[in-house]
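Asks: The structure is given below, and queries will be raised subsequently.
The values are calculated or read from the model by the stated rules, or taken from the named source; none is laboratory data. All figures in this text were calculated on a predicted structure; none of them were measured in a lab. A quick note on method: Cβ atoms are made from the backbone with ideal geometry, for glycine too, and the neighbour counts reach across all protein chains shown. Surface areas here come from the heavy atoms of the whole protein model, side chains and all, with no ligands, DNA or RNA. Shrake-Rupley method; radii C 1.70, N 1.55, O 1.52, S 1.80 Å.
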Amino acid sequence: MGAPVPDIVDPTSDVASRLGAVEARIRRAERDFDRTSGAVSLVAVSKTFPADAITPALAAGHRMFGENRVQESKAKWPGLRAAYPDVELHLIGPLQSNKAREAIELFDVIETVDRPRIAEALAAAIARAGKAVKLFIEVNTGAEPQKAGVLPDEADAFVRRCREDLGLAIAGLMCIPPADRQASPHFALLASIAARNGVAGLSMGMSADFELGIQLGATHVRVGSAIFGTRPSPR
Ligand SMILES: *Cc1c(COP(=O)(O)O)cnc(C)c1O
């Protein structure tokens, strides 16, 4: 068998070229909206896509990815991590408290801390594992009954409870605005909650609206379909 094949960035790869285009749009938005160059990180959302579809993004040098299910991530990521140990994996989907330990093992950032029970389970799992996992609190900015996240009115108290009662460092806030409405008021609301609580990170903006997120202060944008293509099922 021949020499090991090095990672080659194939310019014809759809994923690699779309990733490059999204990166370029992020850098342009940083300039257009007077953000510090490099202030915005791209979480490439690879949910539903198999490892084969993710490899071109890794080969192109991208390292920050988002998944929304613990089970799916457990099947896909340990193998990819073995090849690319410096991956930073974000959980962007709802977490059940009985999966907190697994989530702490698998993920580097959990963006969906959304209720006291989860915060407690994560605090216990972090202490047990001795692993420095970053936490974002999800805020249900649209107060949608079917959606996860703390209500905007309860966000200050929840941040305080995480910090003071549970000793958790809160790295950021995250929101998913209502699908059928203007995202800007939701992004602005999230930014104001973060500012008054001294929270640095803001995860807001997806394929359809990440430039708007950057305009309103995002430090992380979560982009899936613009990089990996249309998902078989809309989740
Ligand atoms: C799927 C998903 C995304 C990515 O959505 P796209 O529209 O494909 O960019 C971002 N954030 C969350 C929480 C998601 O579930």
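Asks: Does segment 137-155 contain any residue that is in a strand (DSSP E or B) and acidic (D, E)?
Replies: Looking for residues that are in a strand (DSSP E or B) and acidic (D, E), one finds at least one in segment 137-155, hence yes.
A quick yes/no check of all residues on (1) among the β-branched types (V, I, T); (2) more than 16 Å from the ligand (Cβ to nearest atom); (3) surrounded by 14 or more Cβ atoms within 10 Å (Cβ to Cβ); (4) within 15 Å of E138 (Cβ to Cβ):
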position	(1), (2), (3), (4)
A169	no, yes, no, no
L173	no, no, yes, yes
I176	yes, no, yes, yes
A179	no, no, no, no
N197	no, yes, yes, yes
A200	no, yes, no, no
S203	no, no, yes, yes
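Asks: Moving on to the next point. Which residue is nearest to P56 (Cα to Cα), if the candidates are limited to segment 97-132 and must be within 16 Å of the ligand (Cβ to nearest atom) and not small (G, A, S)?
Replies: Per the stated criteria, the residue is F107.
Asks: Moving on. If you take the residues in segment 57-96 that are within 16 Å of the ligand (Cβ to nearest atom) and among the aliphatic types (A, V, I, L, M), which one is farthest from T219 (Cα to Cα)?
Replies: Only one residue tops the list, namely V70.
Asks: Tell me, please, whether a residue that is more than 24 Å from E88 (Cα to Cα), touching a residue at least 24 places away in the same chain (Cβ under 8 Å), of a type outside the set (A, V, I, L, M, F, W, C) and assigned to a helix (DSSP H, G or I) can be found in segment 112-127.
Replies: Yes, segment 112-127 has at least one match.
Asks: Between a first residue in segment 53-80 that is in a loop (DSSP other than H, G, I, E, B) and a second residue that is aromatic (F, W, Y), which pairs have beta carbons less than 9 Å apart while being 6 or more apart in sequence or on different chains?
Replies: R63/Y84
Asks: If you don't mind, there's one more thing I want to ask. Give me the pairs: first residue in segment 167-181 and over 13 Å from T112 (Cβ atoms) and of a type in the set (G, A, S), second residue open to solvent by 60 Å² or more (accessible area, probe 1.4 Å) and modelled with pLDDT under 95, beta-carbon distance under 9 Å, and six or more apart or on different chains, which are they?
Replies: A169/A132
Asks: Residue check: is V45 more than 13 Å from the ligand (Cβ to nearest atom), of a type in the set (A, V, I, L, M), modelled with pLDDT of 95 or more and closer than 23 Å to G201 by Cα?
Replies: Answer is no for this residue.
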